1. With the requirement that a residue be at pLDDT below 75 and under 17 Å from the mean Cα position of the chain (by Cα), what does segment 328-358 give you?
2. I'd like to check something: does segment 347-365 contain any residue that is in a helix (DSSP H, G or I), open to solvent by 60 Å² or more (accessible area, probe 1.4 Å) and free of Cβ contacts under 8 Å to residues at least 40 places away in the same chain?
3. Would you say A91 is surrounded by 19 or more Cβ atoms within 10 Å (Cβ to Cβ), in contact (Cβ under 8 Å) with a residue 60 or more places away in the chain, within 20 Å of the chain's Cα centre (by Cα) and assigned to a helix (DSSP H, G or I)?
4. Mind checking whether some residue in segment 114-129 is among the hydroxyl-bearing types (S, T, Y), over 26 Å from Q28 (Cβ atoms), part of a helix (DSSP H, G or I) and modelled with pLDDT of 75 or more?
5. For segment 13-36, does any single residue satisfy the condition of being among the aliphatic types (A, V, I, L, M) and surrounded by fewer than 16 Cβ atoms within 10 Å (Cβ to Cβ)?
6. Please determine whether any residue of segment 324-344 is assigned to a helix (DSSP H, G or I), among the charged types (D, E, K, R) and over 28 Å from G117 (Cα atoms).
7. Looking at segment 265-285, which of its residues are over 23 Å from P158 (Cβ atoms) and touching a residue at least 60 places away in the same chain (Cβ under 8 Å)?
Amino acid sequence: MKKNLYSLFFTIFLDMLGIGILIPVVPQLLGEPHSAFYLLPQGHESLGLLLLGVLMTVYPLALFFASPVLGALSDKYGRKPILVGSIFGTAVSYLVFAYAIFTKNIPLLFFSRFVDGATGGNVSVAQAAVADLSSHEDRTKTFGMMGAVFGLGFILGPFLGGVLSSSSVNSHFNASTPFVFSGFLSLLNTVFIASFFKESIKSKMHDTKIYLLASLKNIAKAHQFEQVRDLFLVSFLFTIGFSFYTSFFNVYLTNKFNFSAVEVGNFFAYIGLWVIITQLFVVRNIPPKYTEMIVLGPAYICSSIAMLLYLIPHYPWQLLFIVPLASIPHGIQHANFISLLTKRTDEKIRGEVLGVNASINSLAQALPPIFAGGLAVMFSDHAPIFMAAFFIFTAGLVFILQVKEKAV
């Protein structure tokens, strides 16, 4: 079982490494007119911000429709074939994105992100597989380890993204290089899962029906899962807030502190370091008496406060002190939320429930980038961060007033 878990952790690491590599580059393509990677003619700054918002919406919107289908397919046919197919789709999308940058084909950028979203159920399916292989008692610690793997990929990914896009490191490097690297990395991931992962689900649900528009039904029927419906609402609100943060924080860093792609990569690598520290030394050592029900509410509230603290610094070095204050509660809530969700879910429908949760999160991720772009144009690049704090704080209140109170 441990070998199977390690293969999943390695898969998640490679997946997060590929995602992290993109972080320093994508905002500079459309959102930062002073960047050498900018794809629009000068004088189109407002249009660029709006297009960036739409581009960042395409992936989660496609994922919104695909996740429950892939989750149900994994219940019916097993986790392994769905993981292999979805990771291969990610590989193709990265290579297409690299070609779109090289040819300055903006519509092809959008198509690439759609392909990635339509085949991108690997994270939720991997979470279901990890839950399959974890005992009820050890699930929080196991997801804590998975969070540490996320963090390790998040450390190396942005750092590599900055380096691989910098012509000062190598004259052949440019904005498309990180995506070529990510594409081949995902191909390696596909081969690894196909070769080493052993099916984790014990009894496949062969009578599971597949609906192409299951995501729309999921939003309508989420309330039918009585044990987890309040958790779905908390997840939706938190993800909206966190998506406001991730959508335009790169733009904020570049505009306020004049960060280069390498500096953005290094900054997010530093965040990833604190994610690992949180998962290895905080989550794993929280006393058993501090259950998910106790720690999740304060974690959400502290995360919202940390969002606002990011707006205070006047010098880049001051950000270094805020990152731990944001990363620690975020890491605590991530591991404990997934653990609580899976503990309340029967194994036979775990893939479906995680698919529903992925749909809800994908919808939550799809909405903020469009509004964040508009807010940045109308007000400032501070506005999306204010919205992030508001929604994460609201998620904390809902958890404390609805989820925790009902459990008492």
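1. From segment 328-358, those at pLDDT below 75 are 346-352, 354-355, 358; that's our starting set.
Those that are at pLDDT below 75 and under 17 Å from the mean Cα position of the chain (by Cα): L354, G355, A358.
2. no
3. Numbers: surrounded by 19 or more Cβ atoms within 10 Å (Cβ to Cβ): yes; in contact (Cβ under 8 Å) with a residue 60 or more places away in the chain: yes; within 20 Å of the chain's Cα centre (by Cα): yes; assigned to a helix (DSSP H, G or I): yes.
Yes: the conditions hold for A91.
4. Here is the first cut: in segment 114-129, the ones among the hydroxyl-bearing types (S, T, Y) are 119, 124.
Adding the requirement that they be over 26 Å from Q28 (Cβ atoms) leaves 124.
In the following step, the residues that additionally are part of a helix (DSSP H, G or I) were identified as 124.
The next check asks that each one be modelled with pLDDT of 75 or more; those that pass are none.
No: zero hits.
5. Within segment 13-36, the subset among the aliphatic types (A, V, I, L, M) is 14, 16-17, 19, 21-23, 25-26, 29-30, 36.
Next cut, surrounded by fewer than 16 Cβ atoms within 10 Å (Cβ to Cβ) only: 36.
Yes: one or more hits.
6. Of segment 324-344, the ones assigned to a helix (DSSP H, G or I) are 324-343.
So of that shortlist, the ones also among the charged types (D, E, K, R) come out as 343.
Adding the requirement that they be over 28 Å from G117 (Cα atoms) leaves none.
No - not one qualifying residue is present in segment 324-344.
7. Here is the first cut: in segment 265-285, the ones over 23 Å from P158 (Cβ atoms) are 284-285.
Scanning segment 265-285 gives a single hit, R284.
For (1) in a helix (DSSP H, G or I); (2) closer than 28 Å to I360 by Cα; (3) not aromatic (F, W, Y), each residue gets a yes or a no:
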{"position": "H223", "(1), (2), (3)": "yes, yes, yes"}
{"position": "V234", "(1), (2), (3)": "yes, yes, yes"}
{"position": "L237", "(1), (2), (3)": "yes, yes, yes"}
{"position": "T246", "(1), (2), (3)": "yes, yes, yes"}
{"position": "N250", "(1), (2), (3)": "yes, yes, yes"}
{"position": "K289", "(1), (2), (3)": "no, no, yes"}
{"position": "P313", "(1), (2), (3)": "no, no, yes"}
{"position": "Q318", "(1), (2), (3)": "yes, no, yes"}
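The values are calculated or read from the model by the stated rules, or taken from the named source; none is laboratory data. Keep in mind it's a predicted model, so treat the numbers as computed, not measured. Cβ atoms come from the backbone with ideal geometry, glycine included; neighbour counts cover every protein chain shown. Just the protein is used for accessible areas: all its heavy atoms, side chains included, with ligands, DNA and RNA removed. Shrake-Rupley method; radii C 1.70, N 1.55, O 1.52, S 1.80 Å.
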